[in-house]
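For reference, the structure is listed below as structure tokens.
What follows is calculated from the coordinates using simple rules that are stated; it is not laboratory data. Note that the structure is a prediction, hence the values are computed from the model and not measured. A quick note on method: Cβ atoms are made from the backbone with ideal geometry, for glycine too, and the neighbour counts reach across all protein chains shown.
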Amino acid sequence: MHRQDAAHRQPTHLHHRADLDVLASGEPPFETRLVAADTLSALLALLDPGSASIAILRQEGCKLADIAARLGVAKRTIRRRLKAIRTIWESSGGLSRPEPIGRGDAHVQKGG
């Protein structure tokens, strides 16, 4: 085989159109999404219904203020609940990083 031929070949793991479509879409493969959904379900099962609701809202991208307003509680309450959720999930071994939820609003001042 000539060098020129090798340079024009696609990598063998990307030669299928479906592989290229998945990469172009930016979506993880089905198996990865399935494992993530199963993991999230297992983690939510560790929580009381109120905490599970907070975790779901946070996972969906809701800000602390939005969650607090929706539930009719103070942002401080939501911060405490998220900290408790992290503690439960970390102690279960279900999290590999200590910042799954609630860290995005760390810059928000208390009472604000």
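Relative to 2.2 N^0.38 Å, what does the C-alpha radius of gyration of the stretch 27-95 come to as a ratio? Two decimals please. All intermediate terms of the calculation are to be shown ahead of the outcome.
Details: Rg = 13.0 Å, N = 69, 2.2 N^0.38 = 11.0 Å.
The value comes to 1.18.
With r as the distance between the Cβ atoms of R76 and S51 and R0 = 22 Å, compute the FRET efficiency 1/(1 + (r/R0)^6) and round to 0.05.
Taking R0 as 22 Å, the efficiency between S51 and R76 is 0.90.
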